[in-house]
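The values are calculated or read from the model by the stated rules, or taken from the named source; none is laboratory data. Computed from a prediction, not measured in an experiment: that's the story for all the values here. Backbone-built Cβ (ideal geometry, glycine too); neighbour counts: all protein chains shown. Note: areas computed on protein heavy atoms with side chains; ligands, DNA, RNA excluded. Shrake-Rupley method; radii C 1.70, N 1.55, O 1.52, S 1.80 Å.
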Amino acid sequence: MGYPGGAVANGMPMPPTMPPPPGVAPPPTMHPQRTANGVGAPGGPSYPTYPGQVPPPGPQGGMVPPPGAPHQQPGMIQQNQQGGSNKIGGGGGQRIDPAQIPRPAHDDHAEVIRWDSRTAQGAAAHPPAASTSFIASDRGSCNPRYMRSTMSTIPHTGELLTSSGMPFSIMVQPLAIPSPEEDPIQVVDNGDVGPLRCVRCKAYMNPFARWLDHGRFQCNFCGATSECPREYMCNLGADGRRMDWAQRPELCRGSVEYAAPAEYMVRPPMAPALMFCIDVSLAAVQSGATTSAVEAIARTLDSVPEPKRTLVGICTYDSVIHFYHMHDGMATPRMLVVPDADEPYSPLPAGMAVSLEDNRANIDSVLKQIPEMFANNRHGSPVGTAAVKACIEALKPHGGRVLAFMGTQPTGGFGKLTNRAAQAQNVGAKEAEKEPLKYLAPGDKMYTKMAAEAAEYQVSVDLFLLTNNQYVDVASLGTLPRITGGSLYRYPGFNTQLDFAQLHNDLRWNVLRPQGLEAVMRVRASNGLGVADYGGFYCKRTPTDVDLPALDCDKAIMCSMRYEERLNDGGEAYVQCALLYTTIQGERRIRVHTMALPVTSVLGNVFRASDLEAQTCDMIRKTAARLLGGSTSKIGRASCRERV
């Protein structure tokens, strides 16, 4: 699922540069605030100037740095000259030497680091810093681009973790793009038998499972003994390993992908569907948002992957909603109007999205006519949220993605929004401090309910806010992509000449980047550890699984870990991520990433293995999640200040 023909930046393939529209001079620079993508992580490169403009990459596999040069120095805790004590804090000269405090290493990416995930002796290796350029070799533990911990060596008890004052989280980016020089993830097809799993905890086979004989193995997650199918049996060598361990990727690689058998499907794999929802209200037409959106869509359709399988639908809205019905053999598309914006619906039960390859002429014809058709539009309040709701209803039979281009805030119909800041001008002084935090939460719980319903039917929402210096309730609208696994792009003060190239580039990368559909993810941990909570853009309907109607290479999920019992000092703990998803080609796959973490009882070793950028990312994500919840209590504000 690599990106064909893309440039390479920091060892990661990036989308190629988008040219500006004809007759439009390129802007001198592209500012970072022009776009706010769905998920971000610290340490990523900022927007470059125009000729090299690319969309902002998300967190690269939680690619956040532990051991860089400065914080790899031994002896982090200053020794007491008299007693030689290693205790932290307190008096008596027992304190941390500031020179030994871990600090992120500066790297100009001039030197590429080659790193093996396990040493020649089979021990765990500290991953390189995410701020460096590296090429990883999978020797049994997965590439840190896919999974990275806030500490590469973990304490053996929860009490020691509390004493350190550091968080223990795992950043998971299962579809991250590897370096072109790294080995791709191998696909294993076991036929109807499917992947080999533990009979008790259902963990997938990995290099750290211990084989007892030719047909039995002990799970490294729960310790249970399981038998393998007859066709999977193999004799063991003198070293206790199977004779075929090097020929089976699941026995020698930390990352592997399985072809899912029929038992992992509740319906045939869905086809990628794109429903474009375009604002044609008076404000959008006058600002150029309508013309820019139509032109960006037309150019992006030229390079959509798998055009034979891809379904495309078009919807426009002002004070009412318009769908465009087209199918094979239809000479002229028909406009179907949904007049009731308070209770939006799909005009047809199915068929609003059609094959891109078979209906390309009709699709191009509709896109070309939209700016002319609504050039003199004088209709009332725009019903953007109602249009998105109607698009979700149209995609419910098969799932897909809604890409909505809004030129102004939806002020009419279902889910209409108002200027909450203007309404709060008359509040008392005591309430003034709380008001800013209230604006970070959705203004109406209806948005959360609407997003959860869309995720249930495998529909994700991407928003492109092309507003022209107008108030927009991003906190409410942002709930839709946050719960459905979509992305939010914002272009404040949208200007066609300055922002069209960025809009086209963002849309093209959004459609073309490696991604999966109707995904379900679960993270497992070995005995003594568990997953306390997840953080990111997803829908969580069960305590253990993360539902992702859409997941791409730029998005990561942060997993907060908890201690359930004491770990063995000197041993290893294991964390495994399993992602069941559908590829753009229509194949059902199971991608499995497994990592090993050494366990120690020495606090100094924990500090030396700390990952400062990963911990900063964890702190920012948790603070942002609390703020997005609109926490106005004293405890909530104090918690945010403490994290910052």
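Answer yes or no: is there a residue in the range 236-249 that is more than 24 Å from ASP506 (Cα to Cα) and touching an Asp or Glu at 6+ places or on another chain (Cβ under 6 Å). No - not one qualifying residue is present in the range 236-249. Across the range 275-306, the qualifying residues are those that are in contact (Cβ under 8 Å) with a residue 40 or more places away in the chain and of a type in the set (D, E, K, R), and the one among them that is surrounded by the most Cβ atoms within 10 Å (Cβ to Cβ) is ASP279.
Checked against (1) surrounded by fewer than 22 Cβ atoms within 10 Å (Cβ to Cβ); (2) more than 30 Å from THR467 (Cα to Cα); (3) in contact with an Asp or Glu (Cβ under 8 Å, 6 or more places away or on another chain), ARG230 meets all criteria but (3). Across the range 129-140, the number of residues qualifying as part of a loop (DSSP other than H, G, I, E, B), open to solvent by 10 Å² or more (accessible area, probe 1.4 Å) and touching a strand residue (DSSP E or B) at 6+ places or on another chain (Cβ under 9 Å) comes to 4. The residue of the range 365-381 that is surrounded by the fewest Cβ atoms within 10 Å (Cβ to Cβ), among those that are under 20 Å from MET326 (Cα atoms) and aliphatic (A, V, I, L, M), is MET373. Looking only at the range 322-337, residues that are of a type in the set (A, V, I, L, M, F, W, C), modelled with pLDDT of 90 or more and surrounded by fewer than 22 Cβ atoms within 10 Å (Cβ to Cβ) come to 3 in all. Go through the range 179-214 and count every residue that is modelled with pLDDT under 95, small (Gly, Ala, Ser) and either out of contact with any Gly (no Cβ under 8 Å at 6 or more places or on another chain) or open to solvent by 40 Å² or more (accessible area, probe 1.4 Å) (or both). Total meeting the criteria: 2.
Taking the range 519-535 as the range and being under 14 Å from the mean Cα position of the chain (by Cα) and open to solvent by 10 Å² or more (accessible area, probe 1.4 Å) as the test, the residues that pass are VAL520, TYR534, GLY535. Taken over the range 120-157, residues that are modelled with pLDDT under 90 and among the hydroxyl-bearing types (Ser, Thr, Tyr) amount to 3. Scanning the range 153-164 for residues that are touching a residue at least 60 places away in the same chain (Cβ under 8 Å) and open to solvent by 10 Å² or more (accessible area, probe 1.4 Å) yields a total of 8. Do you know which residues across the range 231-274 are touching a Cys at 6+ places or on another chain (Cβ under 6 Å) and without any contact (Cβ under 8 Å) to a residue 60 or more places away in the chain? If the condition is that a residue be touching a Cys at 6+ places or on another chain (Cβ under 6 Å) and without any contact (Cβ under 8 Å) to a residue 60 or more places away in the chain, then ARG242, MET243, ASP244, TRP245, ALA246 are the ones that fit.
Among the conditions (1) surrounded by fewer than 21 Cβ atoms within 10 Å (Cβ to Cβ); (2) modelled with pLDDT under 95, GLU393 misses just one, which is (2).
The residues of the range 283-299 that are among the polar types (S, T, N, Q) and within 12 Å of ILE370 (Cα to Cα), listed by number, are THR290, THR291, SER292.
Looking across the range 511-541, the residues that are closer than 30 Å to GLU306 by Cβ and either aliphatic (A, V, I, L, M) or free of Cβ contacts under 8 Å to residues at least 24 places away in the same chain (or both) come down to VAL511, LEU512, LEU517, ALA519, VAL520, MET521, VAL523, LYS540. If you go through the range 263-313 and pick out every residue that is in a strand (DSSP E or B) and within 24 Å of ASP358 (Cα to Cα), you end up with 9.
Here is a yes/no grid of residues against (1) part of a strand (DSSP E or B); (2) in contact with a helix residue (DSSP H, G or I) (Cβ under 6 Å, 6 or more places away or on another chain); (3) surrounded by fewer than 22 Cβ atoms within 10 Å (Cβ to Cβ):
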| residue | (1), (2), (3) |
| --- | --- |
| CYS559 | yes, no, no |
| LEU567 | no, no, no |
| CYS577 | yes, no, no |
| LEU597 | yes, no, no |
| ASN605 | no, no, yes |
| ALA614 | no, no, no |
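Identify, by number, the condition in (1) assigned to a loop (DSSP other than H, G, I, E, B); (2) touching a strand residue (DSSP E or B) at 6+ places or on another chain (Cβ under 9 Å); (3) surrounded by fewer than 19 Cβ atoms within 10 Å (Cβ to Cβ) that THR467 doesn't meet. Unmet condition: (3).
For the range 479-493, the set of residues classified as open to solvent by 10 Å² or more (accessible area, probe 1.4 Å) and either β-branched (Val, Ile, Thr) or not in a helix (DSSP H, G or I) (or both) consists of ILE483, LEU488, ARG490, PRO492, GLY493, listed by residue number. The residue that is farthest from ARG253 (Cα to Cα), counting only those in the range 187-207 that are in a loop (DSSP other than H, G, I, E, B), touching a strand residue (DSSP E or B) at 6+ places or on another chain (Cβ under 6 Å) and of a type outside the set (Val, Ile, Thr), is CYS198.
Looking across the range 347-393, the residues that are of a type in the set (Val, Ile, Thr) and touching a strand residue (DSSP E or B) at 6+ places or on another chain (Cβ under 7 Å) come down to VAL354, ILE363, VAL366, ILE370, VAL383, VAL388, ILE392.
Does ARG508 meet the test of being open to solvent by 10 Å² or more (accessible area, probe 1.4 Å), in a helix (DSSP H, G or I) and under 18 Å from PRO305 (Cβ atoms)? Judged against the criteria, ARG508 is a match. Close Cβ contacts (under 6 Å, 6 or more residues apart or on different chains) running from residues in the range 352-372 that are under 15 Å from ALA273 (Cβ atoms) to residues that are assigned to a helix (DSSP H, G or I) comprise MET352/ALA394.
The condition (being modelled with pLDDT under 95 and either closer than 14 Å to THR153 by Cβ or touching a Cys at 6+ places or on another chain (Cβ under 6 Å) (or both)) is satisfied by just one residue among ALA625, ALA556, ALA609: ALA609.
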